[in-house]
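In what follows, a structure is listed as structure tokens, so that the remarks can point back to it.
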Amino acid sequence: MPDWTLGIQRAGFALARHPAALALALGLAASAGLSGPSSAEDQFRPAEDGWQRYVNERFGTSFVFPAELFTPEAPPENGDGRRFVAPDAALEIYAWHNTDGENADSLKRRLVGTEGYEDVTYSPSGRSWLVISGYRGDNIFYEKYFFRGDLVHGFGMEFPREAKPRYAPIVERIEDSFRAS
């Protein structure tokens with residue numbers, strides 16, 4: 001397991017050790033807890049080629065992931081997502097209540113250039129979606145957000161630069177399967 005962790009946990013997709021990203025995550029985490037803990041169980045369904053579909057029961061956020069590579073960790077108490085770990089990578093999927101009216105442009109403005117987002121190399125966006133990708137030290141990160149009604153759904157993955165040939169097609173397949181209901 002690498003010595004870094006993603007900070008998407010309940011918001012922001014920034015490394016938790018970065019103060020600006022931590023402030024963002026804490027603010028959005030407080031928003032995410034407004035409807036209380038979830039009693040529903042997340043679902044793991046078989047998909048093609050040994051992959052599984054993860055479905056968050058609280059918000060309906062889902063994607064497929066390579067089950068032979070990533071192991072799910074325990075869900076957070078409020079049921080808003082899940083973290084998956086591999087020996088040299090991390091993958092997270094979460095959703096939260098968008099109480100501040102965040103949109104793709106405002107989230108992009110808030111993140112790009114802050115700690116953990118100084119080396120953004122790719123950041124396309126549309127009316128209801130945003131992708132931010134780049135480098136954090138020796139790692140590559142990729143994050144995607146959907147803005148649906150009063151919710152923000154997102155996933156992020158981080159892995160070593162030298163592992164790009166292995167992880168780039170995995171990120172692409174996860175991104176293609178990412179859904180926000």
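The values are calculated or read from the model by the stated rules, or taken from the named source; none is laboratory data. Please read these numbers as outputs of a predicted model, since none were measured by experiment. Virtual Cβ from ideal backbone geometry, glycine too; neighbours counted across all protein chains shown.
Considering the stretch 90-144 alone, what residues qualify as being in contact with an Asp or Glu (Cβ under 9 Å, 6 or more places away or on another chain) and among the hydroxyl-bearing types (Ser, Thr, Tyr)?
If the condition is that a residue be in contact with an Asp or Glu (Cβ under 9 Å, 6 or more places away or on another chain) and among the hydroxyl-bearing types (Ser, Thr, Tyr), then Tyr94, Thr99, Ser106, Ser125, Ser133, Tyr135, Tyr142 are the ones that fit.
Just wondering, is there one or more residues in the stretch 102-122 that are in a strand (DSSP E or B) and crowded, with 16+ Cβ neighbours inside 10 Å?
Yes, because at least one residue in the stretch 102-122 is in a strand (DSSP E or B) and crowded, with 16+ Cβ neighbours inside 10 Å.
Counting only residues that are outside any strand (DSSP E or B) and either crowded, with 18+ Cβ neighbours inside 10 Å or touching a Cys at 6+ places or on another chain (Cβ under 9 Å) (or both), how many does the stretch 79-93 have?
Within the stretch 79-93, residues that are outside any strand (DSSP E or B) and either crowded, with 18+ Cβ neighbours inside 10 Å or touching a Cys at 6+ places or on another chain (Cβ under 9 Å) (or both) number 2.
Every residue in the stretch 47-57 that is over 14 Å from the mean Cα position of the chain (by Cα) and either more than 17 Å from His97 (Cα to Cα) or modelled with pLDDT of 95 or more (or both), please.
Matches in the stretch 47-57: Ala47, Glu48, Asp49, Gly50, Trp51, Gln52, Arg53.
Take Glu172 and tell me if it is buried (at least 20 other Cβ atoms within 10 Å of the Cβ), among the charged types (D, E, K, R) and within 17 Å of Ala86 (Cβ to Cβ).
no
Looking only at the stretch 128-175, count every residue that is over 11 Å from the mean Cα position of the chain (by Cα), outside any loop (DSSP other than H, G, I, E, B) and not β-branched (Val, Ile, Thr) and tell me the total.
23
On the basis of being closer than 24 Å to Ser62 by Cβ and within 12 Å of the chain's Cα centre (by Cα), does Phe84 make the cut?
In short, yes.
Tell me which residues, restricted to the stretch 53-77, are of a type in the set (S, T, N, Q) and surrounded by fewer than 18 Cβ atoms within 10 Å (Cβ to Cβ).
Hit for the stretch 53-77 is Thr71, nothing else.
Does Arg161 satisfy being over 24 Å from Asp42 (Cβ atoms) and loosely packed, with under 14 Cβ neighbours inside 10 Å? So that I can check it myself, show each step before the final result.
Numbers: over 24 Å from Asp42 (Cβ atoms): yes; loosely packed, with under 14 Cβ neighbours inside 10 Å: yes.
In short, yes.
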